Amino acid sequence: MAQMAELDWMTYQSMVETPGCLIFLPVGALEQHGPHMSMNPDVLIPQAIATAVTDRLGNALVAPPLAYGYKSQQQSGGGNHMPGTTSLDGQTLCCTIRDLIREFVRHGIRRVVLMNGHYENSMFIVEGVDLAIRESHHIGINNLNIMILSYWDFVSDDTIGQLYPDGFTGWDLEHGGVMETSLMMHLYPELVDISKIVDHEPAQFPPYDMFPVDPSLTPASGTLSSAKNATREKGKILMEVCVNGIAEAVRTKFAPVPHVSVST
Ligand code: ZN
Ligand code: MN
């Protein structure tokens, strides 16, 4: 049982009191992902990866994911002008992450993994973590260790070569493309309708942004590259690569050393 919210509080407390207990916080977004997919892959994918990693590690929990994220940017998510895309201000996201970490720390947790599923969240997660660590130092807690990752960074160049034989356009243009669509076909096939995939050339943007954005720069589909070549098999490969890599990183960086409390 890895899902924090599904535990009774006493079971949760006894898990947290186990030395080295670790909690994953998936951080997602509610954002259009083209006509062929639901608006929550940025939530469901990191949650599924965190759950699979937790099943391998033991002594780890998955917190309920953050279902909203920072504003979609045109060059990485189609843009925040798109219908359905529902975003937080950066400050709200930072403070929410800080607040949640503070609560986990109050429960006794000292190991947290922030599992990002939405490109634009990255630096706001860093800021929330920085605020939480600074605050924990103020109350004399100096053994809080936090890992921040975006799951796609665990997809190796070899896997990219295997999955994108015609060339890879980069993670920013993968919005609603082969990676996310394949993962969703593997994990949640009922939320994907491949008959609605719009096949188009990768979006092209100038090397700058103008605000307000020019909506005509976003492909009409809302996706930034075509998902035509997405398959369930690719989703399975992506899932394995991410789960293996993340489990290995967590095992390495949160080695099973005795849980020592350090006070100032
Ligand atoms: Zn996405
Ligand atoms: Mn996104």
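Readers should treat all values here as calculations from the given coordinates under stated rules, not as data from a laboratory. None of these values were measured; they are calculated from a predicted model. Quick reminder, even Gly has a Cβ in these numbers, built from the backbone with ideal geometry, and neighbours come from all protein chains shown.
A few notes on this one:
- Partner lysines whose Cα lies under 27 Å from the Cα of K234, excluding those fewer than 8 positions away in the same chain, are identified as K196.
- In percent, rounded to a whole number, the relative contact order of region 1-157 is 27, using alpha-carbon pairs under 8 Å and six or more apart.
- Relative contact order [Cα under 8 Å, 6+ residues apart], region 132-264, whole percent: 37 percent
- Assuming charge only on the beta carbon of Lys and Arg (+1) and of Asp and Glu (-1), the dipole of the chain about its Cα centre is about 720 debye to the nearest 20.
- Selection of trypsin sites (Lys or Arg not before Pro), region 133-239, meeting DSSP coil and at most 14 other Cβ within 10 Å: K228
- For region 97-149, relative contact order (Cα pairs under 8 Å, six or more residues apart, normalised by length) works out to 53 percent.
- Förster radius 41 Å - calculated FRET efficiency between H81 and E17 (Cβ-Cβ, nearest 0.05): 0.30
- Extension gain for the segment D172 to A255, taken as residue separation times 0.36 nm less the Cα-Cα distance, is 26.6 nm to one decimal.
- Pairwise label distance in nanometres, L217 with S156, each label 7 Å out on the Cα-Cβ vector: 3.6 nm
- Taking the Kirkwood radius as Rh and the Cα radius of gyration as Rg, region 165-218 has a ratio of Rg/Rh equal to 1.03.
- In the chain, the DSSP beta bridges split such that about 10 percent are antiparallel, to the nearest 5.
- Virtual spin-label span in nm between E135 and E240, 7 Å along Cα→Cβ: 4.2 nm
- R0 of 41 Å, Cβ-Cβ distance M210-Q91: FRET efficiency to nearest 0.05: 0.95
- For the chain, the equivalent ellipsoid derived from the Cα gyration tensor has semi-axes of 34, 21, 15 Å, listed largest first.
- Helix-derived mean residue ellipticity, 222 nm - over the chain, DSSP H n ≥ 4, -39500 (n - 2.57), to 500: -12500 deg cm²/dmol
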